[in-house]
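In what follows, a structure is listed as structure tokens, so that the remarks can point back to it.
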Ligand code: SAJ
């Protein structure tokens, strides 16, 4: 019997399982993907997070962490599975449901069950709670049930898991206290206790707040482009105001959280989420707008090659899921433009039907135009000497990270997101 079963060994579940195991608890990590379980059992991880490999091997070596395809009897169960959107933007809770069904035959009186997955308001009690109640035991009475969202920034997961403040939402105050004691074992941030519904709304508000604020920055960028102004400079000056903090405009919002989570609110509360829907639309159309600007120069036409620099959704990560780069690449291809996508960190392969490679020279060779979509370290400051083997001379910078002056002086036409022609 384990002390804790962590169900879902992704970028939150795996480090959480390891951190708990390294505090001395007997932890069983559970994942339905057998390759993940096998890889972990032989000490390998497939997540490119700093420090994770060392943490995983320490946890396995200590004998406190094991991995398996299904849960076993345990005093605590922590659910960390994905909650994606379907193609028509409805929440897909099937992984939460199957995790709950896997716990059901193991559930015993006085167990503690925690949901961490980002979920619509009410999921803890109406989905997890309802399934577990099939045991004949009452949630919050015979066993404890909580919602405790993760808040880590991909790329900095371990540091943030340990240092960030946490919200613990219990069906009852005593459920919340028990969950707090679990997180206290490794979390040095503040831990606030509330109910499950408030905690669920908090998580969705955090990510929606960021999405809407990025849409504000993107709207300002559009205005500046039309007005012939440099939005980057305007934002810098506006942010000198003590109560203003405008975020960065960019090619759209990627990752598996910010572009997804607002839809959980929009689906459930359509009458109160007009602003959120418009923000989503602004962020989702940034990539197509960049393409429009490039083709409007007449320097990029169908049949020609566009080099897309950066497939990851943000700098320093290897994750191309929900990336504006892939949206732009698909859109370009549908307009008859051939695309070649490069990324220094993403594993070479096909994403949304488009090949991504690590060979920079091959990507830009013969291209009529290049667009920088991700401000990876290796792209910052790229100048004419780096792009000389392009066939054309159009460069688009969606992150304001290139050596614009050097490129213009060398005869390139440079379009920067958020900067309009004077
Ligand atoms: N972006 C901009 N402008 C900005 C900031 C970000 O265009 O000023 C874009 C990025 O390029 C990227 C996207 O937004 O495409 C998201 O990047 P991010 O770094 O803001 O966030 P994520 O998706 O890597 O992680 C987020 C974080 N949420 C918040 O900052 C509110 C993280 O704390 C959450 O734990 C995580 O989502 C999650 O799992 O929910």
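The values are calculated or read from the model by the stated rules, or taken from the named source; none is laboratory data. All figures in this text were calculated on a predicted structure; none of them were measured in a lab. All Cβ positions, glycine included, derive from the backbone under ideal geometry; neighbour counts span all protein chains shown.
If you check 316, 310 for being modelled with pLDDT under 95 and within 12 Å of the ligand (Cβ to nearest atom), only one passes: 316.
Of the candidates 381, 336, the single residue that is surrounded by fewer than 18 Cβ atoms within 10 Å (Cβ to Cβ) and over 25 Å from residue 218 (Cα atoms) is 336.
From 200, 206, which residue is surrounded by 15 or more Cβ atoms within 10 Å (Cβ to Cβ) and in contact with a strand residue (DSSP E or B) (Cβ under 7 Å, 6 or more places away or on another chain)?
On the way: 206 fails: in contact with a strand residue (DSSP E or B) (Cβ under 7 Å, 6 or more places away or on another chain).
It is 200.
Every condition in (1) more than 30 Å from the chain's Cα centre (by Cα); (2) under 16 Å from residue 344 (Cβ atoms); (3) in contact (Cβ under 8 Å) with a residue 40 or more places away in the chain is met by residue 392 except one, and the failing one is (2). With the requirement that a residue be under 22 Å from the mean Cα position of the chain (by Cα), under 18 Å from residue 158 (Cβ atoms) and outside any helix (DSSP H, G or I), what does region 30-66 give you? Hits for region 30-66 are 45, 46, 47, 48, 49, 50, 51.
Give the residue that is surrounded by the most Cβ atoms within 10 Å (Cβ to Cβ), with candidates limited to residues of region 245-278 that are assigned to a loop (DSSP other than H, G, I, E, B) and more than 14 Å from the ligand (Cβ to nearest atom). Per the criteria, the residue is 273. Scanning region 170-197 for residues that are in contact with a strand residue (DSSP E or B) (Cβ under 9 Å, 6 or more places away or on another chain), in a helix (DSSP H, G or I) and either free of Cβ contacts under 8 Å to residues at least 60 places away in the same chain or within 13 Å of the ligand (Cβ to nearest atom) (or both) yields 173, 174, 176, 177, 180, 183, 184. Take the conditions (1) over 20 Å from the mean Cα position of the chain (by Cα); (2) within 20 Å of residue 373 (Cβ to Cβ); residue 268 misses just one of them, which is (2).
So if I check each of 234, 217, which one is at pLDDT 95 or above and more than 27 Å from residue 321 (Cα to Cα)?
Working: 217 fails: more than 27 Å from residue 321 (Cα to Cα).
The unique qualifying residue is 234.
It is to be established whether one or more residues within region 324-339 are closer than 18 Å to residue 47 by Cα and touching a strand residue (DSSP E or B) at 6+ places or on another chain (Cβ under 8 Å). No. Just one of the listed residues (152, 128, 121, 81) is more than 15 Å from the ligand (Cβ to nearest atom), under 28 Å from residue 190 (Cα atoms) and either free of Cβ contacts under 8 Å to residues at least 24 places away in the same chain or in a loop (DSSP other than H, G, I, E, B) (or both), namely 121. Residue count for region 85-112 under the criterion of being at positive phi and in contact with a strand residue (DSSP E or B) (Cβ under 8 Å, 6 or more places away or on another chain): the result is 1.
Of all residues being over 29 Å from the mean Cα position of the chain (by Cα) and not in a loop (DSSP other than H, G, I, E, B) in region 67-78, which is surrounded by the most Cβ atoms within 10 Å (Cβ to Cβ)? Just the residue, please. So that I can check it myself, show each step before the final result.
Within region 67-78, the subset over 29 Å from the mean Cα position of the chain (by Cα) is 72-75.
Cutting the leftovers down to not in a loop (DSSP other than H, G, I, E, B) gives us 74-75.
Working: 74: 25, 75: 17.
Taking the candidates together, the pick is 74.
Taking each residue of region 411-422 that is under 12 Å from residue 372 (Cβ atoms) and looking for partners that are in a strand (DSSP E or B) with beta-carbon atoms closer than 6 Å, six or more apart or interchain, yields 414/395; 415/396; 416/397.
Restricting region 279-301 to residues that are in a loop (DSSP other than H, G, I, E, B) and in contact with a strand residue (DSSP E or B) (Cβ under 9 Å, 6 or more places away or on another chain), which is farthest from the ligand (Cβ to nearest atom)? Talk me through it step by step, then tell me what you get.
The first filter runs over region 279-301 and keeps only residues in a loop (DSSP other than H, G, I, E, B), leaving 285, 297-301.
From what's left, in contact with a strand residue (DSSP E or B) (Cβ under 9 Å, 6 or more places away or on another chain): 297, 299-300.
Working: 297: 24, 299: 26, 300: 23 Å.
Filtering first and then ranking leaves 299.
Taking every residue in region 254-265 that is at pLDDT below 95 and pairing it with any residue that is assigned to a loop (DSSP other than H, G, I, E, B) and within 6 Å of the ligand (Cβ to nearest atom), at least 6 positions away or on another chain, the pairs with Cβ-Cβ distances below 6 Å are 255/313. Residue 228 meets each of the listed conditions (1) in contact with a strand residue (DSSP E or B) (Cβ under 9 Å, 6 or more places away or on another chain); (2) farther than 23 Å from residue 400 by Cβ apart from (2).
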